[in-house]
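Working notes, structure below.
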Amino acid sequence: MSTIQNDTEKDNNAVAGSLSNFIRGHFPLAQRRSLQLTDSLIESGIIDSLGILDVVAFVESEFGVRVEDEDLTPENFQSVAQIASYVSRRRKV
């Protein structure tokens with residue numbers, strides 16, 4: 001594995017850890033469940049449509065990433081893993 005891939009993976013893991021901690025701390029259902037990185041946050045009821053705005057605010061303040069309206073898609077915000085991947089991609093831009 002190259003150093004760049006290794007650094008990207010470490011970055012994704014760090015972002016995913018911070019996101020998981022935030023979600024567990026702010027959404028009661030996440031505290032009662034064993035939140036997995038690939039769990040669908042909205043479909044499972046962990047986060048509602050207003051809660052996603054809290055997640056967006058956290059992403060913007062914590063990681064310095066501006067989330068555009070057109071980026072608010074299930075492909076980017078369905079799970080912790082997808083949000084972490086989105087953040088990593090946006091940081092490279």
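Taking amide H positions as placed 1.01 Å from N in the peptide plane, with prolines and chain starts having none, which residues 5 or more places from Ile42, or on another chain, fall under 5 Å of its amide H?
Under 5 Å from the amide H of Ile42: Ile47.
Given the -39500 (n - 2.57) contribution per DSSP H run of 4+ residues, what per-residue ellipticity at 222 nm results for the chain, rounded to the nearest 500 deg cm²/dmol?
Taken over the chain, the calculation gives -19500 deg cm²/dmol.
Run the dipole for segment 1-64 about the Cα centre, Lys and Arg Cβ at +1, Asp and Glu Cβ at -1, nothing else charged, and hand back the magnitude in debye, nearest 20.
280
Which ³J(HN,Hα) values, rounded to whole Hz and listed in residue order, are derived for segment 70-78 from phi using the Karplus coefficients 6.51, -1.76 and 1.60 in 6.51 cos²θ - 1.76 cosθ + 1.60 with θ = phi - 60°, glycine and proline given as x?
With the stated coefficients, segment 70-78 comes to 5, 8, 7, 10, x, 4, 9, 10, 7 Hz.
With every protein chain kept in place and ligands, DNA and RNA left out, what is the accessible area per residue of the chain? Probe 1.4 Å, answer in Å².
So the chain comes to 60 Å² accessible per residue, rounded to a whole number.
Using a 1.4 Å probe on the protein heavy atoms, what percent of the accessible area of the chain belongs to carbon and sulfur?
49
Label Ala57 and Lys92 with points 7 Å out from Cα along Cα→Cβ: what is the distance between them in nm?
Once both label points are built, they end up 3.1 nm from each other.
Translational diffusion coefficient of segment 8-93 at 10 °C, 1.306 mPa s, Stokes-Einstein with Kirkwood Rh over Cα pairs, in µm²/s as a whole number.
Translational D for this selection: 125 µm²/s.
Which angle between 0 and 90 degrees, to the nearest 10, do you get for helix 51-63 versus the longest principal axis of the chain when only C-alpha atoms count?
30
Taking Cα atoms, how many degrees apart are the long axis of helix 3-26 and the longest axis of the chain, rounded to 10 and kept between 0 and 90?
Here the helix axis deviates by roughly 20 degrees.
In sequence order, what are the phi-derived ³J(HN,Hα) couplings for segment 84-92 according to the Karplus relation 6.51 cos²θ - 1.76 cosθ + 1.60 with θ = phi - 60°, rounded to whole Hz, with x for glycine and proline?
4, 5, 4, 4, 4, 5, 5, 5, 6
Give me the three principal axis extents of segment 1-51 from the C-alpha atoms, as integers in angstrom, largest value leading.
That works out to 38, 20, 19 Å along the principal axes.
The values are calculated or read from the model by the stated rules, or taken from the named source; none is laboratory data. The model shown is predicted, which means the values in this text are computed figures rather than measured ones. For neighbour counting, all protein chains shown are included, and Cβ atoms are generated from backbone atoms with ideal geometry for every residue, glycine included. In case anyone asks, the SASA skips ligands and DNA or RNA and just uses the protein heavy atoms, side chains included. Shrake-Rupley method; radii C 1.70, N 1.55, O 1.52, S 1.80 Å.
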